[in-house]
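**Student:** One structure, as structure tokens, below. Some questions next.
The values are calculated or read from the model by the stated rules, or taken from the named source; none is laboratory data. Note that this is a predicted model, so its numbers are computed, not measured. Every residue, glycine as well, gets a Cβ built from its backbone with ideal geometry; the counts of neighbours run over all protein chains shown.
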Amino acid sequence: MKKLMFTTIASAAALGLAACGSEDVENTPIDDVDELVDADVNEVGYPVGGELNPDQQTAFDTMDRQAASDEFDMNYDAIRTERVANADLSTGDAMGGSGSMDAGDTGGDAMSGSGSMTSASSGSGSDMPSRSAMDFGWLDRNDDGRLSVAEYAIWAVPVDPNDPAPNDAKKPYMTSEEINQAGETFFYFDQDGSTYLSEQEFAMARDSAMTPS
């Protein structure tokens, strides 16, 4: 009888410990991981290419990297200027007599009279649209119906000219490594060998970058 009572008590204690352990597990980083996964579902990732064929490799090897870098800088400056101006108009801020634009109390971006732009709020690329909002038409900066390496790179490469310095203190915005990173996937998706991406080819690149749900 004593043996049976001891076994019963031991079993109850074991179940209690298991229950405590189970409760602890439910509150461990597993929940945090689930939250992180949920937060990332359907976010646009960066393009995933593959091995270049001989023609694509030749095009990549002969890519004018300096021209791509210069065009990227020009486009990035133009985009940021447009967005500062649009934000200024949407908030009703007036342009001062000195020719500078100020986002006032909104905490937005401001462009000084010297032409340099600073972020008065986050300084972390908040003046650029989200990558998921960058469609083909928006990236096609010169409206020629195709994307150059530099236009494609705005979407394809994680470049942030606001960090750690204002953009006018950090040109060129893309490093050599980033130019090569853009070129490798660009020429992989350039299926017709035109050295430009059509809307259909860009759609392929975009599809490759979607994180599955």
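**Student:** Just need a number here: residues in region 132-157 that are assigned to a helix (DSSP H, G or I) and more than 10 Å from the chain's Cα centre (by Cα). Talk me through it step by step, then tell me what you get.
**Tutor:** So the first thing to find is which residues in region 132-157 are assigned to a helix (DSSP H, G or I), and the list is 132-133, 136-139, 149-156.
After this cut, where a residue has to be more than 10 Å from the chain's Cα centre (by Cα) as well, the list is 133, 136-139, 149-153.
Total meeting the criteria: 10.
**Student:** I would also like to ask the following. Out of T118, T58, which single residue is outside any loop (DSSP other than H, G, I, E, B) and at pLDDT below 75? Steps first, answer last, please.
**Tutor:** On the way: T58 fails: at pLDDT below 75.
Going through T118, T58 in turn, just one is outside any loop (DSSP other than H, G, I, E, B) and at pLDDT below 75: T118.
**Student:** I'd like to know if region 76-99 contains one or more residues that are at pLDDT 90 or above, within 28 Å of S198 (Cβ to Cβ), part of a helix (DSSP H, G or I) and among the hydrophobic types (A, V, I, L, M, F, W, C).
**Tutor:** yes
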